[in-house]
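The values are calculated or read from the model by the stated rules, or taken from the named source; none is laboratory data. These numbers were taken from a predicted model, which means no experiment stands behind them. Here the Cβ positions follow ideal geometry from the backbone for every residue, glycine too, while neighbour counts run over all protein chains shown. We work out accessible area using only protein heavy atoms, side chains counted, and drop any ligands, DNA or RNA first. Shrake-Rupley method; radii C 1.70, N 1.55, O 1.52, S 1.80 Å.
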Amino acid sequence: MTYIGIDPGKKGFISVYSDELGSWEFYAVPLIKNEIDLSMLNNFFFLNKEHFINSHAVIESVHALFGSAAKATFSFGYIAGVLETFLVAYSIPYTKVQPKAWQKVMWQGVQMIKKPSFSKKTMVTDTKAMSEIAAKRLFPDIDFRKTERSTRMDDNKIDSVLMAEYCRRIIR
């Protein structure tokens, strides 16, 4: 079985785990400047279609974020819709999952981390830090940088790996 975790967005990521091969593959959502590269995304799905025959994907269920600009929210939804369309076009079964659902499972054993909210009046959960800790614990051998030249870990890659693992645990 192959498990696919998809973190949508302009800096989105697709992580693929194959039980058969016992290995991971990682793909950044391809862009041309600030636009999604539909041709390259199609190539990704087309070239991997044999690999996806016995697979299941988890894609994060997106919604408008408080305080986000309308243009950014529309763009986020557009990319999520494009990714979902490719799953349908290539007959890949998938489940849309709210972030809180997969995070609850994948953050088990991680101590809550808080940070100041956007307004700085309250404290909110630092989801990026919690996912980073969970990912490092579960997959110490995975390089979570976007590329070898990157100096920081990519939170989109981290989330897509955690969603693929969530898929593996829940969908089995």
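Using only the alpha-carbon atoms of the chain as identical scatterers, what base-10 log of I(q)/I(0) does the Debye formula give at q = 0.12, 0.17, 0.20 Å⁻¹? Taking Cα atoms of the chain as identical point scatterers yields -0.55, -1.12, -1.52.
With a cut-off of 14 Å between beta carbons, the residues surrounding Ser55 carry a summed charge of -1, where Lys and Arg count +1 and Asp and Glu -1. Taking DSSP loops as anything outside H, G, I, E and B, show the longest stretch in the chain free of chymotrypsin sites (Phe, Trp or Tyr not before Pro) there with at most 11 other beta carbons within 10 Å. Looking at the chain, 1-65 is the longest stretch - no exposed chymotrypsin sites (Phe, Trp or Tyr not before Pro) with at most 11 other Cβ atoms within 10 Å.
Where both bridge residues fall in the chain, DSSP classifies roughly 65% of the beta bridges as antiparallel.
Of the GluC sites (Glu not before Pro) found in segment 1-66, the ones in coil according to DSSP and having at most 16 other Cβ atoms within 10 Å of their Cβ are Glu20, Glu50. Between Ala89, Ala57, Ala135, the residue with the greatest mean-square fluctuation in the GNM of the chain (Cα pairs under 10 Å linked by springs) is Ala89. Loop-located GluC sites (Glu not before Pro) across segment 103-167 with a Cβ neighbour count of 16 or fewer within 10 Å are Glu148, with loop assigned by DSSP.
Per the Debye calculation on segment 1-60 with a single equal scatterer at every Cα and no solvent contribution, log₁₀ I(q)/I(0) for q = 0.16, 0.28 Å⁻¹ amounts to -0.50, -1.26. Our summary gives the chain a relative contact order of 29 percent, counting only alpha carbon pairs under 8 angstrom and 6 or more residues apart. Rounded to the nearest 10 square angstrom, Thr122 shows an accessible area of 80 square angstrom against a 1.4 Å probe. Amide hydrogen proximity for Ala57: with H placed 1.01 Å from N in the peptide plane, the residues at 5 or more positions away or on another chain lying under 5 Å are Ile4, Tyr94, Thr95. Net charge in the neighbourhood of Met153 (other residues with Cβ under 15 Å of its Cβ; Lys, Arg +1, Asp, Glu -1) is 0.
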